[in-house]
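These notes concern the structure reproduced below.
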Amino acid sequence: MNKSKINLITGGSGFLGSHLSKKLIENGEEVLCLDNFFTGTKKNINELIKRPNFELIRHDVTEPLNVEVDKIWHLACPASPVHYQHNPIKTTKTSFMGTYNMLGLAKRVGAKLLLASTSEVYGDPEVNPQIESYNGSVNTTGIRSCYDEGKRIAETLCSDYQRIHGVDVRIMRIFNTYGPNMRSDDGRVISNFIVQALKNKNLTIYGDGSQTRSFCYVDDLINGMNLLMESNFRKPINIGNPTEYTIKQLAFLIKDLINPDLKIVYEDLPQDDPKQRRPSIKLAKEILNWEPEIALKDGLIKTIEWFKKNL
Ligand code: NAD
Ligand code: UDP
């Protein structure tokens, strides 16, 4: 009988899920990778499919699932604004029903569950950096609400399953993360700028580019995710890189790394686009002894190399 721990990764063939799958497989753990392939792709897990400790399940988390597992890494949900706004009702359904189904499974089989939540729970924040005790400023009826409110209710469900049923939950508020395995048509800013630059196209800045984000390289993020799962911390915790850039600074950085002669064009800023975003990672440092190690320029160089080979 196999006594090793079994990990269920929902959204396991997506950007973050594929990196997490690889890390756990390399540690010799068993991985059940679940995905409906809305934004995930088999290409991301090609190498893993050959491994005996990896198994792929095509399934939609809005439907219940019965499997014997020890840890549930609940990542299934489109993350790029372009993709989560494509079918916003399905996005809300995925966050609510998907988290409800996975918490039900965790309760039945006694598994730990880590929720991939997001900095979007802070909405368009009035405080900078964002600290976990800040309750956010979120529009309930805008085009981003399906994602923001979906993740907020997912956090609520986790907290209530913990209070009422004793489910052992982790709530990870992930800030903008980038790296290999992002889709070229993902629509998020780093992949957009890199793909545009490699194709000799203009870089598209939405608005005047003064809005800020703080970008975490995927390896740092996955380390934080593993530390959180292994910890005993059951409240929301920010994981992200605290170095803040304007989108204009980011465009120039990527342009200079690929082709300084490229042009920038300015397009309309989408509704409710947050003006500033930077995590306070004080809690992650204290509780998990975690902080990111990879500077933006170094992470961009690795990501650009990957896109050059995979476009
Ligand atoms: P992604 O779109 O690459 O991956 C999401 C995965 O979930 C895909 O494989 C997709 O096919 C799958 N999926 C979507 N709906 C599903 C459903 N109903 N049933 C089964 N599978 C489904 O996005 P990502 O960047 O890897 O994000 C993973 C998780 O992390 C998401 O929950 C996202 O909200 C969260 N997150 C990511 C970031 C980031 O910067 N990457 C930031 C904050 C939060
Ligand atoms: N953005 C941009 N050009 C693009 C894609 C995005 O200027 O081609 C901007 C977007 O308006 C936002 C920021 O970059 O202000 C980050 O966008 P992304 O979609 O990556 O993530 P999110 O808004 O969810 O943080």
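At-a-glance table
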{"item": "Order by protection proxy (mean Cβ within 10 Å, highest first), peptides 130-138, 218-226", "result": "218-226, 130-138"}
{"item": "Per residue solvent-accessible surface (Å²) - the chain, probe of 1.4 Å", "result": "45"}
{"item": "Per-residue SASA entry for E47, accessible area with 1.4 Å probe, Å² rounded to 10", "result": "130"}
{"item": "Carbon/sulfur fraction of accessible area - the stretch 13-103, other protein chains in place, 1.4 Å, %", "result": "51"}
{"item": "Estimated dipole of the stretch 120-208 in Debye, rounded to 20 [Cβ of Lys and Arg +1, of Asp and Glu -1, Cα centre]", "result": "360"}
{"item": "H74, H83, ranked by accessible area, largest first (probe 1.4 Å)", "result": "H83, H74"}
{"item": "Two-decimal log10 I(q)/I(0) for the stretch 77-218, as the Debye equation yields it once each C-alpha is a single scatterer, q = 0.09, 0.11, 0.16 Å⁻¹", "result": "-0.32, -0.48, -0.95"}
{"item": "Helix 99-109 axis, angle to the chain major axis (alpha carbon atoms, nearest 10°)", "result": "30"}
{"item": "Leading residue at positive end of dipole, the chain (Cβ point charges), from S184, P242, S137", "result": "S184"}
{"item": "Where H86, H59 fall by accessible area, highest first, once all protein chains stay in place (1.4 Å)", "result": "H86, H59"}
{"item": "Compactness of the stretch 1-56, expressed as Rg and Dmax over alpha-carbon positions, Å", "result": "10.4, 35"}
{"item": "Rounded to 5, percent antiparallel among DSSP beta bridges of the chain", "result": "10"}
{"item": "Inverse mean reciprocal Cα-Cα distance (Kirkwood Rh) of the chain, Å", "result": "19.7"}
{"item": "Pairs of alpha carbons in the stretch 186-311 whose separation is greater than 22 Å (percent)", "result": "42"}
{"item": "Lys, Arg +1 and Asp, Glu -1 on Cβ, resulting dipole of the chain about Cα centre, debye, nearest 20", "result": "440"}
{"item": "Simple Cβ-charge dipole of the stretch 53-124, Lys/Arg +1 and Asp/Glu -1, about Cα centre, in debye nearest 20", "result": "160"}
{"item": "Fraction of accessible area attributable to carbon and sulfur, the stretch 174-299 (%, probe 1.4 Å)", "result": "45"}
{"item": "Largest to smallest accessible area among E55, E29 [probe 1.4 Å]", "result": "E55, E29"}
{"item": "Cα gyration tensor, the stretch 253-311 - rounded (a/c under 1.5), prolate or oblate", "result": "oblate"}
{"item": "Cα-based Kirkwood hydrodynamic radius, the stretch 41-140, one decimal, Å", "result": "15.9"}
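The values are calculated or read from the model by the stated rules, or taken from the named source; none is laboratory data. Remember, it's a predicted structure, so these values are computed and weren't measured experimentally. Positions of Cβ are generated from backbone atoms using ideal geometry, with glycine treated the same way; all protein chains shown enter the neighbour counts. Accessible surface areas use protein heavy atoms only, side chains included; no ligands, DNA or RNA. Shrake-Rupley method; radii C 1.70, N 1.55, O 1.52, S 1.80 Å.
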